[in-house]
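Read the structure below first, then the notes.
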Amino acid sequence: MSDEQLMERIVAGNIEALGILFERHKQSLFAFLCRFMHDQTLAEDVLAETFFRLYDRRRTYRQECKFTTWLYTIAHHLAIDQLKSARRQEQLMEQMLHDTPTTMDDQGQIALERAEFSHLVRSAVHGLPVEQRAVIILRVYHDLSYREIADIIGANEETVRVRAHRARQTLKQTLGAVIEEDPCGR
């Protein structure tokens, strides 16, 4: 049964069809959210909220739209909202901890984490502006076309191409020295 057929059942109030869609898409959507948000706990929250929102807004789904585009659009918007909220909380926490000195143990742990190549790549991607980060994650990790990405983020295809190009340039600048020094050639 296709996603679109399941959505017809969901619109009619069939909650079991929602469970099928959840099982079908939870892994890829969760992977997108983890990469986009850089926080597994927040990604889990947004994943659940995405499917709650899908059910609440089931009557707004248009059959002519590709289901996954609609699903990822919901998740993308929720993730942006959650990141904004988390960033505000983080700023408050930083303010409270501003006068607390860090110990050598903390600095050593941070240095160790930053030495891992994969962590550096994730950090570089996370450091991209939100618009560029979404494009890179959807393009590279989920292999979506520029057209699909444009539909998900609500931009035109040329804008998506420009954001992808700028993101790649930024990543090359950020990771250039690290890639040259990586002995494993990752």
Taking the conditions exactly as written (in a helix (DSSP H, G or I) and either under 15 Å from Met37 (Cβ atoms) or at pLDDT below 65 (or both)), does Ile74 satisfy them or not? yes
Given the conditions (1) touching an Asp or Glu at 6+ places or on another chain (Cβ under 6 Å); (2) surrounded by fewer than 16 Cβ atoms within 10 Å (Cβ to Cβ), report the number of the one that Leu78 does not fulfil. (2)
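Quick test for you: out of Ala17, Ala43, pick the one residue that is buried (at least 16 other Cβ atoms within 10 Å of the Cβ), more than 21 Å from Ala134 (Cα to Cα) and free of Cβ contacts under 8 Å to residues at least 40 places away in the same chain. First the steps, then the outcome.
Numbers: Ala43 fails: more than 21 Å from Ala134 (Cα to Cα).
So the residue among Ala17, Ala43 that is buried (at least 16 other Cβ atoms within 10 Å of the Cβ), more than 21 Å from Ala134 (Cα to Cα) and free of Cβ contacts under 8 Å to residues at least 40 places away in the same chain is Ala17.
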Among the candidates Glu158, Glu148, which residue alone is over 14 Å from Ala79 (Cα atoms), among the acidic types (Asp, Glu) and buried (at least 17 other Cβ atoms within 10 Å of the Cβ)? Glu148
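For (1) assigned to a helix (DSSP H, G or I); (2) hydrophobic (A, V, I, L, M, F, W, C); (3) within 18 Å of Thr73 (Cα to Cα), each residue gets a yes or a no:
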residue: Gly13; (1), (2), (3): no, no, no
residue: Ala17; (1), (2), (3): yes, yes, no
residue: Phe22; (1), (2), (3): yes, yes, yes
residue: Gln27; (1), (2), (3): yes, no, yes
residue: Cys34; (1), (2), (3): yes, yes, yes
residue: Leu42; (1), (2), (3): yes, yes, yes
residue: Leu47; (1), (2), (3): yes, yes, yes
residue: Thr50; (1), (2), (3): yes, no, yes
residue: Arg53; (1), (2), (3): yes, no, yes
Inside region 40-55, can you point out the residues that are acidic (Asp, Glu) and within 12 Å of the chain's Cα centre (by Cα)? Glu44
Can you tell me which residue is surrounded by the most Cβ atoms within 10 Å (Cβ to Cβ) among those in region 116-145 that are touching a residue at least 24 places away in the same chain (Cβ under 8 Å), farther than 23 Å from Lys84 by Cα and over 15 Å from the mean Cα position of the chain (by Cα)? Phe117
I'd like the full set of residues that are crowded, with 17+ Cβ neighbours inside 10 Å and either in contact with a Pro (Cβ under 8 Å, 6 or more places away or on another chain) or among the hydrophobic types (A, V, I, L, M, F, W, C) (or both), limited to region 20-40. Leu21, Leu29, Phe30, Phe32, Leu33, Cys34, Phe36, Met37
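The values are calculated or read from the model by the stated rules, or taken from the named source; none is laboratory data. Keep in mind that this is a model prediction, so the values were computed, not measured. Counting neighbours? That spans all protein chains shown, and the Cβs are built from the backbone with ideal geometry, glycine included.
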